Amino acid sequence: MNKLSQNEQKLLVAKTAVDTLYERGLIFSGMKIGLGTGSTAMPAVKRLAELIDEGKLKDIKAVATSFQTTLTCEELKIPVFSLSSSEIGGKLDLAIDGADEISAENHLIKGGGAAHLKEKLVEYNAAKLVIIADESKVVEDLGTVFPLPVEVIPEARLSVIQDLELLGAKCKIREGVKKAGPVVTDSGNLIIDCLWDKVDGKSPVNPMLLEDEINKITGVVENGFFTKKLPLVFIGKSDGTVEER
Ligand code: 5RP
């Protein structure tokens, strides 16, 4: 059998995860659901819309984690609410999203799409978090290959970089693609991408400690380590299978 491409793995895992969650009663009519951002999350949103169109799901209330997700929901006619609206009331039944790196402990780096602020807000307030990813996202340890995104208020960019360097990070302000200058997030902030050098062949990063340490720096809005809510993870593989862990 031909190996599935990365994009095919994303489509496979998105559909399999949504169908499995529906069969298990974790996606159900009347639920409040958080919807992630990126090229794996979007096919999951589309599968959810298909289940709505097929009449299998009714009265779904979604909270979108980015402008991208809001636009997709509008296109697919999935009703979107603010997390703090009276319809949602600040808490969700479940959230589903992609990831950039997934460690052996199911700790994550997210924010490749610069959406980790709202993603964390939505996903830490969901009763259950489901992460869907292709197999390239599974790593031994975090922080040395895919950069950790740190969202900062623009005025604080240089002071925050100096404090991140004291934590051992090499920092770069994220540049726009087909847009001159830096990426500006959905909340009007900048992204500093941080990478650590391996020490003795291993990452020096302790994501559980650094998630808190980085957020203590004045001017940091949120970082892309997700260690405080352990997700159920679905991995789409090149051999056409989906692993759950
Ligand atoms: C966006 C994210 C995405 O979930 C992450 O970047 C994975 O993206 P993709 O599914 O496109 O590979 O955290 O901020």
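Somewhere in region 148-160, is a residue in a loop (DSSP other than H, G, I, E, B), farther than 14 Å from CYS194 by Cβ and among the charged types (D, E, K, R)? Scanning region 148-160, I find no residue that is in a loop (DSSP other than H, G, I, E, B), farther than 14 Å from CYS194 by Cβ and among the charged types (D, E, K, R), so the answer is no. Only one of the numbered conditions (1) away from the ligand (no atom under 12 Å from the Cβ); (2) within 30 Å of LYS172 (Cβ to Cβ); (3) surrounded by 20 or more Cβ atoms within 10 Å (Cβ to Cβ); (4) among the small types (Gly, Ala, Ser) is violated by ALA104, and that is (3). For region 99-117, the set of residues classified as in contact with a strand residue (DSSP E or B) (Cβ under 6 Å, 6 or more places away or on another chain) and either at pLDDT below 95 or assigned to a loop (DSSP other than H, G, I, E, B) (or both) consists of ALA99, ASP100, ASN106, LYS110, GLY111, ALA114, listed by residue number.
Being under 15 Å from the mean Cα position of the chain (by Cα) and within 30 Å of VAL242 (Cβ to Cβ), is that true of even one residue in region 149-170? Looking through region 149-170, at least one residue is under 15 Å from the mean Cα position of the chain (by Cα) and within 30 Å of VAL242 (Cβ to Cβ).
Among the residues of region 61-79, write down those that are crowded, with 19+ Cβ neighbours inside 10 Å and among the hydrophobic types (A, V, I, L, M, F, W, C). Residues satisfying the conditions are ALA62, VAL63, ALA64, CYS73, ILE78.
May I ask you to list the residues in region 213-243 that are surrounded by fewer than 16 Cβ atoms within 10 Å (Cβ to Cβ) and touching a residue at least 60 places away in the same chain (Cβ under 8 Å)? Result: THR218, LYS228, LEU230, ASP239, GLY240. For region 1-94, the helices (runs of 4 or more DSSP H) that sit wholly inside it and include 1 or more residues that are among the charged types (D, E, K, R) and in contact (Cβ under 8 Å) with a residue 12 or more places away in the chain are 6-23, 41-53.
Please tell me if ILE161 is of a type in the set (Val, Ile, Thr) and within 20 Å of LYS118 (Cβ to Cβ). Break it down stepwise before answering.
Working: of a type in the set (Val, Ile, Thr): yes; within 20 Å of LYS118 (Cβ to Cβ): no.
The answer is no for ILE161.
For region 203-245, the set of residues classified as among the acidic types (Asp, Glu) and assigned to a helix (DSSP H, G or I) consists of GLU211, ASP212, GLU213, listed by residue number. May I ask you to list the residues in region 115-132 that are among the small types (Gly, Ala, Ser) and either more than 6 Å from the ligand (Cβ to nearest atom) or touching a Gly at 6+ places or on another chain (Cβ under 7 Å) (or both)? If the condition is that a residue be among the small types (Gly, Ala, Ser) and either more than 6 Å from the ligand (Cβ to nearest atom) or touching a Gly at 6+ places or on another chain (Cβ under 7 Å) (or both), then ALA126, ALA127 are the ones that fit. Taking the criterion of being assigned to a loop (DSSP other than H, G, I, E, B), exposed (fewer than 12 other Cβ atoms within 10 Å of the Cβ) and away from the ligand (no atom under 16 Å from the Cβ), the residues of region 161-180 that qualify are LYS178, LYS179, ALA180. When LEU190 is tested against the conditions (1) hydrophobic (A, V, I, L, M, F, W, C); (2) closer than 25 Å to THR69 by Cα; (3) exposed (fewer than 12 other Cβ atoms within 10 Å of the Cβ), the lone failure is (3).
The values are calculated or read from the model by the stated rules, or taken from the named source; none is laboratory data. Because the structure is a prediction, the values reported are computed rather than measured. When we count neighbours, we look across all protein chains shown, and the Cβ atoms used for this are built from the backbone with ideal geometry, even at glycine.
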